[in-house]
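Q: The structure that follows is given in the form of structure tokens.
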Amino acid sequence: MNDQHIASAFDRDLEGIQAHVMKMGGLVEAAIGDAATSMQNRDEELAGEVRKGDKAVDALEDLINEQCANLIALRAPAAVDLRVVLSVMKIAANLERIGDYAKNMAKRTAVLVHMEQVEGAHSSLRRMAQEVQLMLKDVLDAFIQRDVALAQDVLERDQNIDQMYNALFREFLTFMMEDPRHITPCMHLHFMAKNTERMGDHVTAIAEQVIYLVTGSMPEEARPKATRLDA
């Protein structure tokens, strides 16, 4: 009876932690979309909201880590349950990094709004960010549903992000060669594209943790990656 009580207490604690992870994921998902929108619309106010909102993401990661540490100390979870707790901590860490990249995009937007606009250079970057945002939504669904197939699908979609990044890299080079005035804004846009590509990498890292959480093994095959032109 005591073991059952301990198990039910562990499950309740874990459910609370997972609720925080999903809240954190929702904030990060919104930050990606808002960072991309502020970039395309040259909306400095919205970019400022993204930067300020990152504090809530950081606070949630701290809370999740604290609660996970307490759960390990107080409940002494067995192997399978410990795997879940450790995976949750890694997922939270990846979400925090994605939030940082969204914040960095917003910081560059605040600089770009004071520069000459490069016509046509923003829409492709926004589409790339929207694809990463959708991947994040799907991987969070995979986490809560323990859906290995959906997590694997997210892994495979990362190659599309790499290809979009390469296309943007070529596009920005073309803009810079055509008009030297575009060099500085295109450099900022390139770093924003790079931030977005790195977001995709962290989303796929979450997908790998979902697969590990469910199966007990990391994916055997290396995730597909397109060759980067800036490598």
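Q: When the chain is fully extended, how far beyond the present Cα-Cα distance does residue 177 get from residue 217, taking 0.36 nm per residue of separation?
A: Values: separation 40, 0.36 × 40 = 14.40 nm, distance 4.75 nm.
Taking residue 177 through residue 217 to full extension adds about 9.6 nm, to one decimal.
Q: With a cut-off of 8 Å between alpha carbons and a minimum separation of six or more residues, what is the relative contact order of the chain in percent?
A: About 25 percent, as a whole number.
Q: Under a point spin-label approximation (7 Å from Cα along Cα-to-Cβ), what is the residue 124-residue 42 distance to one decimal in nm?
A: So the label points at residue 124 and residue 42 sit 2.1 nm apart.
Q: Which one, 188, 106, 150, projects farthest toward the positive side of the charge dipole computed for the chain from Cβ point charges (K/R +1, D/E -1)?
A: 188
Q: Considering the chain as a Gaussian network with a 10 Å cut-off on Cα pairs, which listed residue, 124, 87, 217, attains the greatest mean-square fluctuation?
A: Among 124, 87, 217, the largest GNM mean-square fluctuation belongs to 217.
Q: Ok, one more. Is there a quick way to get the dipole size of the chain? I mean about its Cα centre, with the Cβ of Lys and Arg at +1 and of Asp and Glu at -1; what is the value in debye to the nearest 20?
A: On the way: 25 positive and 37 negative charges, 66 e Å.
The dipole of the chain has a size of about 320 debye.
Q: Here's another thing I want to ask about it. Determine, for the chain, the count of lysine pairs separated by eight or more sequence positions (or lying on different chains) whose alpha-carbon distance falls under 15 Å.
A: For the chain, qualifying lysine pairs total 9.
Q: Would you calculate the volume per residue, in Å³, of the smallest convex hull containing every Cα atom of segment 1-109?
A: Details: hull volume 7.8 nm³, N = 109.
Per residue, the Cα convex hull of segment 1-109 comes to 71 Å³.
Q: Which whole number in µm²/s is D for the chain by Stokes-Einstein, with the Kirkwood Rh taken over Cα pairs at 25 °C and 0.890 mPa s?
A: This corresponds to a translational diffusion coefficient of 132 µm²/s.
Q: While we're on this one: Full extension from residue 59 to residue 90: what is 0.36 nm times the residue separation minus their Cα-Cα distance, to one decimal in nm?
A: 9.6 nm
No lab work stands behind these numbers, since they all come straight from the coordinates. A quick note: this is a predicted structure, and the numbers were derived from the prediction, not measured. Every residue, glycine as well, gets a Cβ built from its backbone with ideal geometry; the counts of neighbours run over all protein chains shown.
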